[in-house]
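Below: one structure, written as structure tokens.
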Amino acid sequence: MLSLLDLRARIAAGTLTPAGAIDLCRAAIAAREPDLHALVTLDPAPAIPETGPLAGIAVGVKDIIDSAGLPSQMGSSIYAGWTPRGDAAVVSRLKQLGAVALAKTTTTAFASSDPTETVNPHDPGHTPGGSSAGSAAAVGAGMLPLALGTQTAGSVIRPASYCGCAAVKPSFRLIPTVGVKTYSWALDTVGLFAAGVADVAHALALVTGRPEIDGADSGSAPRIAVVRQDFAEAPEPEAEAALMRARQAAERAGARVSDLALPPELAQAWERHRIIQNYEGRLALAWEYDTHADALPPRVREHLDAGAAIEPAQYDDARRHGHHARRVLKGLFADYDAILTFSAPGSAPATLDSTGDPRFNQLWTLMGVPCVNVPVPGQSLPVGVQVIGRFGDDGRTLAVARMIETALRG
């Protein structure tokens, strides 16, 4: 993979120019993209700033996120050829930092569940995950050093796990969603994909203007709770093995690790995540549903149909359970610095007809807390583990994730 930090170090040392760094991406894209199908659009002649902390860094922009001059087609024929005049807030910020929005990456239609044509960079017979399929695959294949995704259930952490790259779903609303096609205003979260945890931490610190995120310390003996999420059914052996290896790595690095069974309030919130997602999706996509229903792919249509059948009282009840569970989770973090759990049920399923199952992600999206995928080496196909922290404590969460990543590599 292309490391953002490595590219920037070479540029700072004068051994690589920003234009040269972009050329490296173009060469990798030319080699991999014909088989990978991770990109929707490639800017043929972007402006390449010479200065800025992200000068020379090519970014893949998920195709529900506006980037001026490039089509934003939402993974749907309804928006074929539609080109926004302006940038989403996060894209504008990246450009201010010197980054180049080089490509739009594939997304499932409206960031839902109907698969794209993208394949897994490690085995073309396996899914790359969704809905941020193109972003995860492009980084995992070494075509781009940084990419934007979004998560409403598990669409940053799960595809990162499947494609073998690091990713962060930050605290809710830490990155603005202005200029991003809404599916659920209570859940949608912009996230980042990169080669390693240090890369995503550096990018998140710059994008948010919070240098303390990059400089955070895990502490000499962080308290880590291993959570199995028993209410979400059993994972596959690959995920079990990855969690055990990550636990052992954390212990070798000096962490104090213990098991934690989540209180029932969190299981109750997990059960209601889909109610919130479907109800808000039906309202957010009202125009598409009401005027272009025949153009909606089957899984989107199924979810919106389900949303139309949800009564406001059910939605309100689900929201109340979510609020209560957040308070319970905040109390748990009085005794722990981070949670370690599964990123996905296993490695990427051997199918291109499904994007996989978000059941180990959806609770944490609803809780709004920071989540980091840490790739675990040693598997035939990539599989990661998920490090979760307190709301707003993204720096500490990333520091613990980096500690585990370093120990796993050692």
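The values are calculated or read from the model by the stated rules, or taken from the named source; none is laboratory data. Predicted model only: the values in this text are computed from it and were never measured. No Cβ is skipped: glycine too gets one built from the backbone with ideal geometry, and neighbour counts run over all protein chains shown.
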So, of the residues in segment 351-409 that are buried (at least 24 other Cβ atoms within 10 Å of the Cβ) and touching a His at 6+ places or on another chain (Cβ under 8 Å), which turns out to be farthest from G129 (Cα to Cα)? L366
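So is L206 in contact with a helix residue (DSSP H, G or I) (Cβ under 7 Å, 6 or more places away or on another chain) and not in a loop (DSSP other than H, G, I, E, B) or not? Give the derivation first.
Numbers: in contact with a helix residue (DSSP H, G or I) (Cβ under 7 Å, 6 or more places away or on another chain): no; not in a loop (DSSP other than H, G, I, E, B): yes.
For L206, the condition - in contact with a helix residue (DSSP H, G or I) (Cβ under 7 Å, 6 or more places away or on another chain) and not in a loop (DSSP other than H, G, I, E, B) - is not met.
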Keeping to segment 174-196, report how many residues are part of a strand (DSSP E or B) and touching a His at 6+ places or on another chain (Cβ under 9 Å). 1
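List the strands (runs of 3 or more DSSP E) inside segment 32-120, counting only whole elements, that have at least 1 residues being modelled with pLDDT of 95 or more and surrounded by fewer than 22 Cβ atoms within 10 Å (Cβ to Cβ). Steps first, please.
Working: elements: 39-42, 58-62, 100-105.
The strands (runs of 3 or more DSSP E) meeting that bar are 39-42.
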Unique match (being in contact (Cβ under 8 Å) with a residue 24 or more places away in the chain and of a type in the set (A, V, I, L, M, F, W, C)) among A286, A308: A308
Being of a type in the set (V, I, T) and not in a strand (DSSP E or B) is the filter; apply it to segment 128-173 and report the residue that is surrounded by the most Cβ atoms within 10 Å (Cβ to Cβ). V139
Modelled with pLDDT of 95 or more, surrounded by fewer than 24 Cβ atoms within 10 Å (Cβ to Cβ) and either within 12 Å of the chain's Cα centre (by Cα) or of a type in the set (A, V, I, L, M, F, W, C) (or both), is that true of L187? yes
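Scan segment 219-240 for residues that are touching a strand residue (DSSP E or B) at 6+ places or on another chain (Cβ under 8 Å) and not β-branched (V, I, T) and jot them down. Spell out how you get there, then give the answer.
Narrowing segment 219-240 to residues touching a strand residue (DSSP E or B) at 6+ places or on another chain (Cβ under 8 Å): 221-229, 235, 239.
Scanning segment 219-240 gives A221, P222, R223, A225, R228, Q229, P235, A239.
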Does R390 satisfy being at pLDDT 95 or above and more than 17 Å from the chain's Cα centre (by Cα)? yes
Only one of these is touching a residue at least 40 places away in the same chain (Cβ under 8 Å), hydroxyl-bearing (S, T, Y) and out of contact with any Ser or Thr (no Cβ under 9 Å at 6 or more places or on another chain): S77, S72. Name it. S77
Any chance segment 349-358 includes a residue that's acidic (D, E), modelled with pLDDT of 95 or more and within 30 Å of D199 (Cβ to Cβ)? yes
